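A short write-up of the structure that comes next.
The values are calculated or read from the model by the stated rules, or taken from the named source; none is laboratory data. As the structure is a prediction and not an experimental result, all values here were calculated from the model. Glycine gets a Cβ as well: all are built from the backbone with ideal geometry, and neighbour counts include every protein chain shown.
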Amino acid sequence: MVSLNEIVSKFFAIGSVLDSLPFGPWIMRHQVKNFSEAMKPVVKIVDRHIKEHLVHCKEEDDVRDVADAIALAAIQTPADVKQQLGLTDDQIRFIAIDLFGGGFVTATDSFRWAINLLAAFPDVQERARRELAEVCGDHQLQLADRSNIPYNEAVLLEVFRFSSLVTLSLPHSTMEDTTLRGYFIPKGTTIFSNLFAHHYNPQYFPDPDSFKPDRFLTADGKLDADKAQLVIPFGVGKRRCVGENFARQELSLLIGRLLQQFEIRQDPSNPVNVYDTVPGLNRGPVQTPLIFKKIVL
Ligand code: HEM
């Protein structure tokens, strides 16, 4: 899994070239081949799961999760309708693979950004841990606690803003000729939304280069909902990330539980540089060895 993550990260690092140049896939053919090879085990795992879900859906008349819904769509959609829609079984299978792929590097890289930033800013880390101790006592952080930990939620928002991981979101295409702020954009133009530029716009986020979770808190220490909604790491509109809610919950729990159990420190001989990134379609976090000290209560 770790090496697959590396390959996928590297592939995303060249993704913008592939997306913006029609001949990109040809120039990058070796990377494309390596990526396809690396994805084979993932395709196998997804296939196995889809088969299990197909059996379940044929035997029981219920839908337990997304994979069941996909399997059911594959069974119930008549062959002629599928053909009419241009929907092949492979495409149905790749919807499941997209969910796997979409949530893989994004979540792990966001988590890596979070631990790098917490190591680089020990005061932030300590304050987040203190809040968790006050709210959770000796129980592990639960999703239900999230509304009572505004500082930790502000830290997560600031991690999303500061990292702006999916820098240019995903490419979209104009369906018709249009004009935006005086610029004519013909039908079929590839469009990227620059999420990074938005997250570093001082009009919305003063002193944008500083990591300051406090910017999301009101004077009385509550989460400022208006400022929170200016953070858009999952894009906006109809095609925004389908995994958003899951990713927000997953990362809030992962980071909180890690802070409850470990102190994260930098290695003084190899400090973290949060202003350096691995460039590409994703602004990947630079991997620096960190020290995790178990907290003994
Ligand atoms: C911190 C984690 C994540 C970030 C920052 C992120 C970010 C994004 C962004 C910026 C987009 C493009 C939205 C657009 O086109 O306007 C996107 C699309 C997508 N994401 Fe995520 N994502 C994350 C986690 C996940 C997870 C956990 C899943 C799956 C469970 C997922 C699945 C997808 C899929 C399938 C799309 C394509 C949606 C479509 O085109 O309709 N993502 N994501």
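Looking at the stretch 126-157 only, could you name the residues that are more than 23 Å from D220 (Cβ to Cβ) and of a type in the set (S, T, N, Q)? Result: Q140, Q142.
Among the listed residues I185, I232, I191, which satisfies the condition of being within 16 Å of the ligand (Cβ to nearest atom) and in contact with a strand residue (DSSP E or B) (Cβ under 6 Å, 6 or more places away or on another chain)? Steps first, answer last, please.
Values: I185 fails: within 16 Å of the ligand (Cβ to nearest atom); I232 fails: in contact with a strand residue (DSSP E or B) (Cβ under 6 Å, 6 or more places away or on another chain).
Just a single option satisfies the conditions, and that option is I191.
Please indicate, with yes or no, whether at least one residue in the stretch 169-176 is within 15 Å of the ligand (Cβ to nearest atom), touching a residue at least 40 places away in the same chain (Cβ under 8 Å), under 15 Å from the mean Cα position of the chain (by Cα) and surrounded by fewer than 18 Cβ atoms within 10 Å (Cβ to Cβ).
Applying the first criterion (within 15 Å of the ligand (Cβ to nearest atom)) to the stretch 169-176 yields 169-175.
Filter once more, keeping what is touching a residue at least 40 places away in the same chain (Cβ under 8 Å): 169-172.
Now drop any that are not under 15 Å from the mean Cα position of the chain (by Cα), which leaves 169-170.
Narrowing the set further to residues that are surrounded by fewer than 18 Cβ atoms within 10 Å (Cβ to Cβ) leaves 170.
There is at least one residue in the stretch 169-176 that is within 15 Å of the ligand (Cβ to nearest atom), touching a residue at least 40 places away in the same chain (Cβ under 8 Å), under 15 Å from the mean Cα position of the chain (by Cα) and surrounded by fewer than 18 Cβ atoms within 10 Å (Cβ to Cβ).
Is it the case that L223 is assigned by TED's automatic domain parsing to the domain that holds L259, closer than 21 Å to R112 by Cα and either in contact with a Leu (Cβ under 7 Å, 6 or more places away or on another chain) or within 11 Å of the ligand (Cβ to nearest atom) (or both)? Considered against the rule, which asks whether it is assigned by TED's automatic domain parsing to the domain that holds L259, closer than 21 Å to R112 by Cα and either in contact with a Leu (Cβ under 7 Å, 6 or more places away or on another chain) or within 11 Å of the ligand (Cβ to nearest atom) (or both), L223 comes out as no.
Tell me the helices (runs of 4 or more DSSP H) entirely within the stretch 188-290 that contain at least 2 residues that are within 29 Å of E131 (Cα to Cα).
Output list reads 225-228, 244-261.
Filtering the stretch 129-141 to residues that are part of a loop (DSSP other than H, G, I, E, B) and touching a residue at least 40 places away in the same chain (Cβ under 8 Å) leaves D138, Q140, L141. Kindly provide the set of residues from the stretch 149-168 that are out of contact with any helix residue (DSSP H, G or I) (no Cβ under 6 Å at 6 or more places or on another chain), within 13 Å of the ligand (Cβ to nearest atom) and not in a loop (DSSP other than H, G, I, E, B), ordered by number. Within the stretch 149-168, F160, F162 meet the criteria.
Any residue that is in the same structural domain as K222 (by TED's automatic domain parsing) and within 16 Å of the ligand (Cβ to nearest atom) - is there at least one of those in the stretch 136-143? Give the steps one after another, and end with the answer.
Applying the first criterion (in the same structural domain as K222 (by TED's automatic domain parsing)) to the stretch 136-143 yields 136-143.
Restricting the remaining residues to those that are within 16 Å of the ligand (Cβ to nearest atom) gives 143.
Taking every residue of the stretch 136-143 in turn, at least one turns out to be in the same structural domain as K222 (by TED's automatic domain parsing) and within 16 Å of the ligand (Cβ to nearest atom).
When the criteria are applied in full, R48 meets the requirement of being exposed (fewer than 11 other Cβ atoms within 10 Å of the Cβ), within 29 Å of L254 (Cα to Cα) and not assigned by TED's automatic domain parsing to the domain that holds L165.
So that you can scan it fast, the table gives a plain yes or no per residue for (1) touching a Ser or Thr at 6+ places or on another chain (Cβ under 7 Å); (2) under 18 Å from L281 (Cβ atoms):
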site: L165; (1), (2): yes, yes
site: L168; (1), (2): yes, yes
site: P171; (1), (2): yes, yes
site: M175; (1), (2): no, no
site: T189; (1), (2): yes, no
site: R215; (1), (2): no, no
site: V231; (1), (2): no, no
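Filtered by the rule that a residue be more than 8 Å from the ligand (Cβ to nearest atom) and not polar (S, T, N, Q), the stretch 249-264 gives L253, L254, I255, G256, R257, L258, L259, F262, E263, I264.
Might you check whether a residue that is outside any helix (DSSP H, G or I) and away from the ligand (no atom under 16 Å from the Cβ) occurs anywhere in the stretch 95-105? Scanning the stretch 95-105 turns up no residue that is outside any helix (DSSP H, G or I) and away from the ligand (no atom under 16 Å from the Cβ).
Screening P271 on (1) within 16 Å of the ligand (Cβ to nearest atom); (2) farther than 21 Å from G101 by Cα; (3) loosely packed, with under 14 Cβ neighbours inside 10 Å shows it passes everything except condition (1). Against the conditions (1) without any contact (Cβ under 8 Å) to a residue 40 or more places away in the chain; (2) under 15 Å from R248 (Cβ atoms); (3) among the acidic types (D, E), E158 satisfies every one except (1).
Just one of A79, A69, A74 is at negative phi, of a type in the set (G, A, S) and within 14 Å of the ligand (Cβ to nearest atom); which is it?
A69
Taking first residues from the stretch 182-197 that are over 23 Å from S164 (Cβ atoms) and partners that are surrounded by fewer than 10 Cβ atoms within 10 Å (Cβ to Cβ) and modelled with pLDDT of 95 or more, the Cβ contacts under 6 Å between residues at least 6 apart in sequence or on separate chains come to K187/E176. For the stretch 224-263, which residues satisfy the criterion of being without any contact (Cβ under 8 Å) to a residue 12 or more places away in the chain, exposed (fewer than 15 other Cβ atoms within 10 Å of the Cβ) and not aliphatic (A, V, I, L, M)? Across the stretch 224-263, the qualifying residues are D226, Q229, G237, K238, R240, E244, N245. Counting the residues of the stretch 194-211 that are within 16 Å of the ligand (Cβ to nearest atom) and hydrophobic (A, V, I, L, M, F, W, C) gives 3.
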